[in-house]
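Note sheet for the following structure.
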Amino acid sequence: MRMYDLIVKKRNGGILTREEIAFMVRGYTDGEIPDYQMSAMMMAVYFQGMDEEETLSLTMSMRDSGEVLDLSAIAGIKVDKHSTGGVGDKTSLALAPMVAACGIPVAKMSGRGLGHTGGTIDKLESFTGFSTSIPSERFVENVNRIGISIMGQTANLAPADKKLYALRDVTATVDNMSLIASSIMSKKLAAGADAIVLDVKTGSGAFMKAEADSFALAREMVKIGNGAGKKCVAVVSDMDQPLGFAVGNALEVEEAIATLKGRGPADFVELCLTLGAQMLLLGKKAETEQEAREKLLAVIKDGSALQKLAEFVEAQGGDAAAVYDTARLPKASLTKEVKADKDGFVGHINCEEVGVCSLILGGGRETKESCIDLSVGIVLQKKTGDNVLSGDTLAVLYANERDKMEEAERRLKLAYRITNEMPQKRSLIKGVIS
Ligand code: URA
């Protein structure tokens with residue numbers, strides 16, 4: 001088999017066989033197929049697409065390019081959750097302890113933030129001493145003992161995707177449905193869960209901005225999950241404005257803790273209940289969605305989800321006292337209120353720009369190597385549809401450097417569009433695909 005022939009076949013609209021895809025993924029991972037040939041292939045796929053069979057074959061080949069975790073030492077149905085990424089998306093921080101408190105074993109691999117979106121691991125590191133670099137034996141032991149553990153992605157998890165994603169990033173071939181779906185699902189399938197709940201974001205802060213594209217991606221990923229023999233459900237949710245109010249690592253941890261204390265923002269609580277209900281149904285801890293939602297609300301009410309978070313933080317070396325006393329979390333030295341300069345309604349918030357403002361303040365990474373400041377970020381005071389008067393505070397910036405704060409203030413003001421008309425209400429949950 002020759003890579004050259006496969007490029008010609010795809011360029012001309014042909015369908016690649018499972019063997020051909022396996023050859024190409026293996027060769028590229030081993031370094032036998034050079035970047036320039038794989039770039040040409042990715043561009044051919046970008047223009048010609050891949051059918052369902054090809055997308056599944058690509059996913060399986062990438063999954064099998066490295067270690068596939070065996071979680072059989074953990075009793076019960078392991079249900080994973082994955083978000084396609086957003087702004088203020090602290091869902092795992094609250095949801096993982098909630099579902100663990102309902103008896104679902106949470107054995108989760110999470111990533112760091114890149115670009116305008118945050119990552120669970122960075123957020124968790126707001127607890128002093130917390131580590132996700134733990135050996136897999138301790139990971140399994142923690143899940144069996146307290147019901148929850150989160151570790152960083154090991155280097156050997158779907159290495160083909162790691163290499164291919166970096167190549168796509170610099171060859172303008174990221175935004176292809178089959179390539180995105182296979183990239184995400186190869187990592188999820190390698191992480192070993194029995195069932196997967198996907199949170200596919202849509203809107204100005206999401207990777208897929210158009211709703212129709214988000215639904216297509218959701219359907220594609222569910223098909224792959226099912227094709228790989230896993231139960232899989234996707235929830236398409238709104239990311240046209242930040243989730244909750246807080247954006248920034250320690251600020252988001254604080255909001256997640258408030259949620260577990262029963263004081264969460266309505267949109268965030270609703271998303272946790274929707275995703276959590278799907279997880280409980282897949283994990284056979286509830287018969288109906290209503291029953292699942294009641295169970296999730298009960299573990300907030302009786303404090304067991306909050307306690308689960310504290311146990312989890314402690315088991316991974318973190319300062320669990322911060323769960324009960326959030327003054328112990330990293331704090332920024334400067335704050336600044338961003339004010340409205342006219343009366344009206346918040347007509348729209350450019351959600352990606354809010355993520356970029358957090359990045360400018362130091363809360364995100366420009367490159368994989370950047371160091372981040374866990375204390376900085378933004379707490380919104382006004383969200384889409386809210387009534388504002390000139391001089392009202394739209395958001396509060398938390399910073400440690402004055403020049404960065406000024407730049408973020410200028411951009412955040414532009415991210416808010418104040419209109420005379422009240423905007424149409426957007427629903428948070430766009431649909432559930434199973
Ligand atoms: N996230 C991934 O992991 N892969 C993609 O291709 C896009 C988003």
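None of the figures in this text is laboratory data; all of them are computed from the coordinates on show. Everything numeric here is computed off the predicted structure, so don't read it as measured data. Methodologically, a virtual Cβ is constructed for each residue, glycine included, from the backbone with ideal geometry; neighbour enumeration extends over all protein chains shown.
A few points about this structure:
- 3J(HN,Hα) couplings calculated from phi for segment 165-179 with the Karplus curve 6.51 cos²θ - 1.76 cosθ + 1.60 (θ = phi - 60°) are, in sequence order, 5, 4, 5, 5, 4, 9, 10, 6, 10, 6, 7, 10, 3, 5, 6 Hz; Gly and Pro show x.
- Furthest towards positive pole of dipole, Ala415, Gly317, Val379, structure part segment 283-434, Cβ charges: Ala415
- When peptides 217-224, 301-308 are ranked by their average number of other Cβ atoms within 10 Å per residue, the highest-first order is 217-224, 301-308.
- Across segment 202-216, coupling constants 3J(HN,Hα) worked out from phi with the 6.51/-1.76/1.60 Karplus curve, θ = phi - 60°, read 9, x, 5, x, 9, 5, 9, 7, 8, 4, 4, 5, 5, 5, 4 Hz, and Gly and Pro carry x.
- Charge tally around Gly88: other residues with Cβ under 9 Å, Lys/Arg +1 each, Asp/Glu -1 each, net -2.
- Of all beta bridges that DSSP places with both ends in the chain, some 55 percent have antiparallel geometry.
- Whole-Hz ³J(HN,Hα) from phi, Karplus 6.51 cos²θ - 1.76 cosθ + 1.60, for segment 273-283, glycine and proline x: 5, 5, 5, x, 4, 5, 5, 5, 5, 5, x
- Translational diffusion of the chain, µm² s⁻¹ [Kirkwood Rh, Cα pairs; Stokes-Einstein; 20 °C; 1.002 mPa s]: 96
- Environment charge at Ala101 (Cβ cut-off 12 Å; Lys +1, Arg +1, Asp -1, Glu -1): +2
- For the peptides 227-233, 118-124, 423-429, the ranking by packing is 118-124, 227-233, 423-429, with the highest mean count of neighbouring Cβ atoms within 10 Å listed first.
- Rg(Cα) / (2.2 N^0.38 Å) computed for segment 1-84, rounded to two decimals: 1.31
- Among Ala44, Ala408, Ala190: highest mean-square fluctuation, GNM of the chain, C-alpha pairs under 10 Å: Ala44
- Contour minus Cα-Cα distance for Arg426 and Asn226 (0.36 nm per residue): 69.0 nm
- Sequence-distant residues sharing a close amide H with Ile418 (under 5 Å, placed H): Gly347
- Förster radius 22 Å - calculated FRET efficiency between Gln48 and Arg26 (Cβ-Cβ, nearest 0.05): 0.50
- Protection-proxy order for peptides 148-161, 318-331, each taking the mean of Cβ atoms within 10 Å per residue, highest first: 148-161, 318-331
- Prolate/oblate/rounded label for segment 79-324 (Cα gyration tensor, a/c 1.5): rounded
- Between the amide H of Lys339 and those of Leu394, distances stay under 5 Å, these residues lying 5 or more places away or on another chain, with hydrogens modeled in the peptide plane.
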